[in-house]
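Data first, discussion second: the structure below is written as structure tokens.
Here, each number is a calculation from the coordinates, and none is a lab measurement. This is a predicted model, so every value here is computed, not measured. Don't worry about glycine lacking a Cβ; one is built from the backbone with ideal geometry, like all the others, and counts go over all protein chains shown.
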Amino acid sequence: MTFFLQNFFNGIMLGGLYALIAVGYSMVYGILRLINFAHGDVMMMGVYFAYYSAVVFSLNPILSFTVAVLGAAALGFLIDRVAYKPLRKAPRISALITAIGVSFFLENLAVVIFGAIPKSFLDVFKDKSILEKTITVADARIPLLTFLVIIVTFAMFSVLFFVVYKTKIGMAMRAIAADIPTTSLMGVNVDNVIGFTFALGSALAAAGGIMWAMRFPNVHPYMGFVPGLKAFIAAVFGGIGSISGAVLGGILLGMIEIFLAAYFPSVMGYRDAFAFIILITVLLVKPSGLLGKKAIEKV
Amino acid sequence: MERKLPKKLNFVLTLLFILFVAFLLYLANEKLDEYMLRVVRLIAIYGVMAVSLNLINGITGIFSLGHAGFILVGAYTSALLTLSPEQKMMSFIIEPIVPWLANVHTDFLTATLAGGALSALFAFLIGWPVLRLSGDYLAIASLGFAEVIRIFALNAISITNGPLGLKGIPEYSSIWWCYGWLFVTVIFVASLVNSSYGRALKAIREDRVAAEVMGINVFKHQLISFVVGAFFAGVSGALYAHWLTTIDPRATTLGPMLTFYVLIMIVLGGLGSISGSLIGAALFAILFEWLRDLEEPFVLFGMRVPGIKGMRTLVISVIFILVMIFWQRGIMGREELTWNNIYRWLKRRGESG
Amino acid sequence: MTSPTLDLSKKPILILDRVTMQFGGLVAVDDFTAEIRQGELVGLIGPNGAGKTTVFNLITGIYHPTKGKIVFDGIDITPLKPHQITHLGIARTFQNIRLFSDMTVLENVLVAQHHKFTNPDADRILKINGKSVKRMANFWFWRSVLKVGYLKFEKEMVSKAKELIEKLGLSKFMHEKASALPYGDQRKLEIARALATDPKLLLLDEPAAGMNPKETEDLMRFIERVREEFDLTIFLIEHDMKVVMGICERIIVMDYGRIIAEGTPKEIQNNPKVIEAYLGREWEGV
């Protein structure tokens, strides 16, 4: 029971992190039909922003977190403005290849600016004792950090759902996802709303990344690649274009990974491969994902 | 009106060109220093990678990002065959090598062909599920498969030696092997493209549905393109392994970064053009080496600028993004550097000059 | 319902038997039953959204019917894929032109002949049904790459293509990219490409769209000539009534996915159901 509980909470935490990153993919894809390859790398930059705020500028953890999240949001907005906007009318392949280029660029930028040598995110905490605290749930000792992460994740999703469903700009986002020309005819500044979408998705991803770094403190320029890829798989799993789908897909993927590794430890090294197997299966069986709608190609 | 050079002239020019290149290669082999020669050989290896990826992405329009996976398969397969049983026994210290690989030892040609063949087999198996997907998903799925191959390489220790990789691979990739294989690749792919098959592949790129309605079995043709591309990717992997002399599965030079490099080559050269891919490969190799200087301290306007590691890949990625935004067609676009085209270009210059 | 001018001596080449196409909750084609006989020139008309192009998509295998059967030349083509159906002898043009834009006119027409050389699954179907196989050689892939025993076929394909291009008056555009052609010539190229697949049945989807009266007149003569010369059966969708009434021997009228009338041009013109369907909707051309 203890074993199960520990893994359960780990699964929720990991799933929440995947979900935070997946949401960004889903929103951008829903609007632009573009897989933003650079998303995972924006997350990585967010983590570095947090690291430097805390370690170099000695800001307290909460301030560092805020600075990093805002910084990532700005970065996301900038990338869209500079790299993707000029290609709005170009064939999809061009935008996709450019996204790969941006991803590449960010990774190398990080190598140049921050150095390729991995850093430990634990340096952010002046007082390391917080990392040791645990809470006991039915005989299982769950790290305080895990709960913290779950709570913050939940809070962020609440904010997200509020923005998307209860604000004007959220409505604009949903309108654009349905039909860009009509929305622009209704007086909405489409480019700004798209930029905002990128910013929002990037902010969430950065938040996710920072919490990820608290759990897996190895910070390096390529750290965004695999989580980014897996988050994308989670988004597809849940139904690309659907925010709830991304959340569902993320949590499911996290749970599956944790439980698989827990109960079948011999396949530890192949853990990452499972995500891809899930991807292929989903794409072949139900490409629209768990919560997505079936799209008919009009001939 | 189509002005074509007579077929015989075309043939003679091509033959002369090949002899000329062979002569240059001979000179290079004799006169160039070790370092330069290495770069020249690498250009050919990149060339094979680029031409094979271009067949899949540029000509058939399949947005595959899994090329590094096929290259890796070719690299491992060929290396495991050219390493002597003693070397294998000594390298595999975590877990002993599987018995059926322990005593195999072949020559370079057989090893390279085996590498290509195994890659082609992988492509055939992967193609069945992956090629049914549309553009964006295909990209991710193919990237995923390449990652799975890398994960397998890291974990199947008794076959690949896991994270330790393979060392001491004999440096068989001489200038003749590299350019010989490049020649074969170009001839094969060009011949395929200049046939009814080639037209069918291009039609698939233009409009999948219309191609299907014109009687083309789109899936089968995509699979053929994918498998052929993977075969030559495997060959390039074999050449690469015997140029690097080590395979380190954790190195970025063999992971998704490699696929991006090859993508840059074909985009720069012109997506859909074989000659473009060759030009792109050469440019990339030269640029990459030339930019190496940026990573050492250098003097700019009389000031000493410290070298920054990783600067060159950064510059390359900036160039890549700029090319994508401002110059998508690349150097050759979809045209080829044929004698006819050169003749027509010269004529046009002559007329306006 | 049989029409008095229906020549029962001609055998049916295409039979649609209670074909229904449902997309989720939407029934696009409902219980469509029709026969097209060898050599006929039949028109399919109806208001926008009636399901006409969907019928064409069903015949050519792009969609598979939710219910019903489609039989062509005695072979059940319902489960077959588009490339197989083309190989069996049905060709089509598209409503929105779908040429291979970056390829030349010649290449567009050449590509349409590719299926004759490499279509083993469709050949098997032909064999099973006792028809002659169209395959010209084996090992097409290796022949193409090694250029062994290939060049003479290429020559044949090229001369056939050039002949076709000439017949359609497109010779001057031979080496131009398809996207560079004027609109009317692009439509002609679509037809040339379809003809190059060597069909028995030709489906034309709004061939006169966007044409002026003179071009339309030329097109009508052209369609009749093509039917004669290539011994074809033609099934066409059109909104331009001049074309439909002018050359179609028989007309099938659709509305909301169902057939509401069928008969000669004269009968259709006076059919109250047809008039109601058109007048009750906004529709251009009548």
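Take the alpha-carbon centre of region B:177-201, take the same for region B:226-266, and report the distance between them in whole Å.
Region B:177-201 and region B:226-266 have Cα centres separated by 19 Å.
Find which of B:GLN328, B:GLY350, B:ALA156 sits farthest along the positive direction of the dipole of region B:36-352, computed with +1 on the beta-carbon of Lys and Arg, -1 on that of Asp and Glu, about the Cα centre.
My answer, from the dipole projection, is B:GLY350.
Counting only DSSP beta bridges with both residues in chain C, what percent are antiparallel, rounded to the nearest 5?
Of the beta bridges lying entirely in chain C, close to 55 percent run antiparallel.
Kindly put C:THR233, B:THR338 in sequence by how many other C-beta atoms sit within 10 Å of each C-beta, fewest to most.
B:THR338, C:THR233
With N denoting the number of residues in chain C, provide Rg(C-alpha) divided by 2.2 N^0.38 Å, to two decimal places.
Numbers: Rg = 19.4 Å, N = 286, 2.2 N^0.38 = 18.9 Å.
Here the answer is 1.03, to two decimals.
Just checking the output field for B:188-195: average partner chain Cβ neighbours within 10 Å of each residue's Cβ?
4
For a protection proxy built on the mean count of beta-carbon atoms within 10 angstrom, sort A:25-33, B:226-234 highest first, please.
The peptides rank, most packed first, as B:226-234, A:25-33.
Could you pull out every one of the lysines with an alpha carbon less than 16 Å from that of C:LYS200, ignoring same-chain neighbours closer than 8 positions?
C:LYS10, C:LYS11, C:LYS116, C:LYS131, C:LYS134
Show me, for region A:67-73, the HN-Hα J-couplings you get by feeding each phi into the Karplus relation (A = 6.51, B = -1.76, C = 1.60, θ = phi - 60°), rounded to Hz, glycine and proline as x.
Those phi angles translate into 4, 4, 5, 5, x, 5, 4 Hz.
For region C:144-223, which trypsin sites (Lys or Arg not before Pro) are in a loop by DSSP, counting at most 13 other Cβ atoms within 10 Å?
C:LYS147
If you bin every alpha carbon distance in region C:2-116 into 5 Å steps from zero, what whole percent lands in each bin?
2, 10, 18, 20, 20, 15, 10, 5, 1, 0
More than 58 angstrom separation, counting every C-alpha pair in the protein assembly as shown; what % is that?
17
Within region B:1-39, which GluC sites (Glu not before Pro) sit in a loop by DSSP and count at most 13 neighbouring Cβ atoms inside 10 Å?
B:GLU2
Any idea how far apart C:GLU163 and B:VAL104 come out in nm if each label point goes 7 Å out from Cα toward Cβ?
5.3
Using only atoms on other chains, find how many Cβ atoms lie within 10 Å of each Cβ of peptide A:276-286 and report the average.
For this peptide, the per-residue mean of nearby foreign Cβ atoms is 4.
Sort B:LEU16, C:LEU164 by Cβ crowding within 10 Å, fewest neighbours at the top.
B:LEU16, C:LEU164
Report, in debye and to the nearest 20, how large the dipole of region C:171-279 comes out about its Cα centre when Lys and Arg carry +1 and Asp and Glu carry -1 on their Cβ.
120
List every DSSP H helix in chain B whose Cα atoms extend 18 Å or more along the helix's own long axis and whose mean Kyte-Doolittle hydropathy is at least -1.0.
Within chain B the helices that satisfy the rule are B:7-31, B:34-54, B:67-82, B:108-130, B:135-155, B:175-193, B:218-244, B:256-269, B:274-290, B:311-326.
Determine, for B:ARG349, B:ARG205, C:ARG92, the number of other Cβ atoms within 10 Å of each Cβ, and report the residues in order from fewest to most.
The fewest-first ordering by Cβ neighbours comes to B:ARG349, B:ARG205, C:ARG92.
Where the centre of each part is set by its Cα atoms, how far does region A:250-287 sit from region C:29-48, in angstrom?
With region A:250-287 and region C:29-48 each reduced to a Cα centre, they are spaced 51 Å.
Hey, what did region B:36-352 get for relative contact order, percent, Cα under 8 Å, at least 6 apart?
30
How large is the helix-only mean residue ellipticity at 222 nm for chain A, computed as the sum of -39500 (n - 2.57) over DSSP H runs with n ≥ 4, divided by its residue count, in deg cm²/dmol to the nearest 500?
After summing the helix terms and dividing by residue count, I get -23500 deg cm²/dmol.
Using amide H atoms built in the peptide plane, which far-off residues or other-chain residues are under 5 Å from A:THR134 H to H?
Under 5 Å from the amide H of A:THR134: A:LEU144.
Once the convex hull of the C-alpha atoms of region A:1-134 is built, how many Å³ does it hold per residue, rounded to a whole number? Let's see the in-between values first.
Values: hull volume 18.0 nm³, N = 134.
Each residue corresponds to 134 Å³ of Cα convex hull volume.
Mind checking the angle between helix A:144-166 and chain A's longest principal axis? C-alpha axes, 0 to 90 degrees, to the nearest 10.
So the helix axis and the longest Cα principal axis differ by about 20 degrees.
Compute the angle between helix A:168-178 and the longest alpha-carbon principal axis of chain A, please, reported from 0 to 90 degrees and rounded to the nearest 10.
Approximately 70 degrees, to the nearest 10.
Need the C-alpha centroid separation for region B:20-60 versus region A:47-69, integer Å.
First find each Cα centre; the distance between them is then 47 Å.
Among DSSP beta bridges lying fully in the protein assembly as shown, give the percent that are antiparallel, nearest 5.
Approximately 65 percent, going by the DSSP bridge assignments.
Non-local amide H neighbours of C:ARG250 (under 5 Å, H modeled in plane, Pro and chain starts lacking H): which ones?
Under 5 Å from the amide H of C:ARG250 lie the amide H atoms of C:LEU41, C:GLY43, each far enough along the sequence or on another chain.
Would you mind getting me the FRET efficiency between A:ARG271 and B:ASP33? Use the beta-carbon distance for r and R0 = 56 Å, nearest 0.05.
About 0.75, to the nearest 0.05.
Relative contact order for region A:21-226 using alpha-carbon pairs under 8 Å, separation at least 6, rounded to a whole percent?
Taking the mean separation of contacting Cα pairs over the length of region A:21-226, I get 42 percent.
Per-residue ellipticity at 222 nm for chain B, helices alone: DSSP H runs ≥ 4 residues times -39500 (n - 2.57), over residue total, nearest 500 deg cm²/dmol?
Mean residue ellipticity at 222 nm (helix-derived): -23000 deg cm²/dmol.
From the mean inverse distance of alpha carbon pairs (Kirkwood) and the Cα radius of gyration, derive Rg over Rh for region B:36-352.
Rg/Rh: 1.00.
Rounded to the nearest 20 Debye, what is the dipole magnitude of the protein assembly as shown about its Cα centre when Lys and Arg each give +1 and Asp and Glu each give -1 at the C-beta?
In total the dipole reaches around 500 debye.
If one takes the longest principal axis of the Cα atoms in chain C, at what angle in degrees, from 0 to 90 and to the nearest 10, does the Cα axis of helix C:183-196 lie?
The answer is roughly 70 degrees.
Quick one: pull the percentage of alpha-carbon pairs in region A:21-226 with a separation above 25 Å.
Summing the P(r) of region A:21-226 above 25 Å gives 41 percent of all pairs.
Could you pull out every residue, at least 5 positions away or on a different chain, whose amide H is within less than 5 Å of the one on C:ILE260? Hs are placed 1.01 Å off N in the peptide plane, and Pro or chain starts have none.
For C:ILE260, whose amide H was placed from the backbone, the distant partners under 5 Å are C:VAL253, C:MET254, C:ASP255.
May I ask you to derive the relative contact order of chain C, considering only C-alpha pairs under 8 Å and at least 6 residues apart, and to give it as an integer percent? Don't jump to the answer; show the numbers that get you there.
Values: 484 pairs, mean separation 76.7, N = 286.
Normalised by residue count, the contact order of chain C is 27 percent.
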